[in-house]
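The values are calculated or read from the model by the stated rules, or taken from the named source; none is laboratory data. Computed from a predicted structure; not experimentally measured. Note that each Cβ is placed from the backbone with ideal geometry, even for glycine, and that neighbours are counted across all protein chains shown.
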Amino acid sequence: SLEIVVSTGNAVDVLRLVEENALDLGLVALPASGRAFAVTPLMEEAFVAVAPAETDDLPPAVTPAALAGRPVVLYEPGGQTRRIVDDWFARAGISLKPVMELGSVEAIKELVGAGLGCAILPAMSVQQAPGLAVHPLSPRLTRQLGLVLRRDKPLTRGLRETIAALRQATLGQATLG
């Protein structure tokens, strides 16, 4: 029988669990380092700017400069997603000092919805986000998501079918956002 358990976490934690064989498969932001892993790029995902819907005064396409003077809530430092966002600001010559840094997308969405600032989040995480105004970024910002499993992991029928279903589900969704 096949048991599918979904758990969330940052890429470092997911990779550690895959390496320890506590998870059979991980979906993480790439790159995923480690010789023990077989990595399959799956899809590219766009990032978007989010603001409280009631007080949204962001431009239609949000630039790093448009966020520079505002309170911004970001992912906690150290993860791949935060590096991607920090690099986006750095390419524009901006060193942003966030008002808060959190490890939870849901917590960031709640704080933005409560009016405590703006944020940059993966588009997939705000597809259904009442109370938030969502804007594309300019220049565009994306991350690549991939499947990670141990190279020595036996590919059972259930695991093969799970991987095939994930590939099929993301086919044609090269970029969200």
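Of everything in the stretch 15-45 that's part of a loop (DSSP other than H, G, I, E, B), hydrophobic (A, V, I, L, M, F, W, C) and in contact (Cβ under 8 Å) with a residue 60 or more places away in the chain, which residue is farthest from residue 82 (Cα to Cα)? Step through it out loud before you land on a result.
Residues of the stretch 15-45 that are part of a loop (DSSP other than H, G, I, E, B), as a first pass: 20-25, 30-36.
From what is left, the residues that are hydrophobic (A, V, I, L, M, F, W, C) are 22-23, 25, 30, 32, 36.
With in contact (Cβ under 8 Å) with a residue 60 or more places away in the chain added as a condition, the list becomes 25, 30, 32, 36.
Details: 25: 23, 30: 12, 32: 15, 36: 24 Å.
Within the stretch 15-45, the match that is farthest from residue 82 (Cα to Cα) is 36.
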query = So residue 165 fits all but one of (1) closer than 22 Å to residue 61 by Cα; (2) more than 18 Å from the chain's Cα centre (by Cα); what number is the exception?
reply = (1)
ask   = So is residue 9 free of Cβ contacts under 8 Å to residues at least 60 places away in the same chain and in contact with a helix residue (DSSP H, G or I) (Cβ under 8 Å, 6 or more places away or on another chain) or not?
value = yes
Criterion (under 18 Å from residue 137 (Cβ atoms) and either within 17 Å of the chain's Cα centre (by Cα) or among the basic types (Lys, Arg) (or both)) met by exactly one of 107, 46 = 46
request  = Just name the residue that is surrounded by the fewest Cβ atoms within 10 Å (Cβ to Cβ) out of those in the stretch 69-82 that are at pLDDT 95 or above and in contact with a Leu (Cβ under 8 Å, 6 or more places away or on another chain).
outcome  = 71
query = Is there a residue being at pLDDT below 95, outside any strand (DSSP E or B) and not aliphatic (A, V, I, L, M) anywhere in the stretch 116-127?
reply = yes
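Condition check: of a type outside the set (S, T, N, Q), modelled with pLDDT of 95 or more and crowded, with 19+ Cβ neighbours inside 10 Å. Does residue 137 satisfy that?
Values: of a type outside the set (S, T, N, Q): yes; modelled with pLDDT of 95 or more: yes; crowded, with 19+ Cβ neighbours inside 10 Å: yes.
Answer is yes for this residue.
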key: Sole exception among (1) outside the structural domain of residue 22 (by TED's automatic domain parsing); (2) without any contact (Cβ under 8 Å) to a residue 60 or more places away in the chain; (3) surrounded by fewer than 18 Cβ atoms within 10 Å (Cβ to Cβ) for residue 115, by number   = (2)
ask   = Can you tell which of 85, 48 is assigned to a helix (DSSP H, G or I), crowded, with 16+ Cβ neighbours inside 10 Å and either of a type in the set (A, V, I, L, M, F, W, C) or out of contact with any strand residue (DSSP E or B) (no Cβ under 8 Å at 6 or more places or on another chain) (or both)?
value = 85
ask   = Identify, please: which residue in the stretch 1-16 is more than 19 Å from residue 158 (Cα to Cα) and surrounded by fewer than 20 Cβ atoms within 10 Å (Cβ to Cβ) and is, among those, farthest from the chain's Cα centre (by Cα)?
value = 16
